[in-house]
Amino acid sequence: MAMIDKVPDAVKETYLKMKGEHGKKVELKVIGGNYYLYIARGIWDKEKKKPVKRTVLLGSIDENGAFREKKPKKYSPPPWFMNTAIQSLYGIFAMICIRQWKSIHTGIRSWQWPW
């Protein structure tokens, strides 16, 4: 608890509130003068044959004690997909697959048992 004594009171209050909500495994880290909350988990490492601590970012706390959740990552396509030629080829391939699926699907629905 030595580090928690050095943070502002508003940050400390928010940290203790979040720790009460999420349990014992919430950690407060100071990185570059900013305050971040992490959840710690123990994951078994097969090579070392012992548990290893992994942390996942919950969000940040500003100087006033306001908690901001981590923003979810937005999906971005791989760099090779940014080429318009590849995009058009992918679109053509998708159209062919959809047409084939529709023709197979309608053929199955209209198919009759021979007996």
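The values are calculated or read from the model by the stated rules, or taken from the named source; none is laboratory data. All values derive from a computational prediction rather than experimental measurement. Because the Cβ atoms are built from the backbone with ideal geometry, glycine has one as well, and the counts that use them run over all protein chains shown.
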Complete set of residues in the range 36-56 that are under 20 Å from the mean Cα position of the chain (by Cα) and not aliphatic (A, V, I, L, M): 36, 38, 41, 42, 53, 54, 55
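Residue-wise test of (1) of a type in the set (Lys, Arg); (2) surrounded by 11 or more Cβ atoms within 10 Å (Cβ to Cβ); (3) on the phi > 0 side of the Ramachandran plot.
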| site | (1), (2), (3) |
| --- | --- |
| 6 | yes, no, no |
| 10 | no, yes, no |
| 17 | yes, yes, no |
| 22 | no, yes, no |
| 32 | no, no, yes |
| 36 | no, yes, no |
| 39 | no, yes, no |
| 47 | no, no, no |
Qualifying residue in the range 13-28 (condition: farther than 27 Å from residue 73 by Cα, in contact (Cβ under 8 Å) with a residue 12 or more places away in the chain and not polar (S, T, N, Q)): yes
Single residue of the range 33-58 satisfying the filter (among the small types (Gly, Ala, Ser) and in a strand (DSSP E or B)) that is farthest from residue 8 (Cα to Cα): 42
Conditions (1) surrounded by 12 or more Cβ atoms within 10 Å (Cβ to Cβ); (2) over 18 Å from residue 4 (Cβ atoms): number failed by residue 53: (1)
Some residue of the range 70-87 being surrounded by 10 or more Cβ atoms within 10 Å (Cβ to Cβ), modelled with pLDDT under 90 and in contact with a strand residue (DSSP E or B) (Cβ under 8 Å, 6 or more places away or on another chain): yes
For residue 38: the one exception among (1) out of contact with any helix residue (DSSP H, G or I) (no Cβ under 8 Å at 6 or more places or on another chain); (2) farther than 13 Å from residue 57 by Cβ; (3) of a type in the set (Ser, Thr, Tyr): (2)
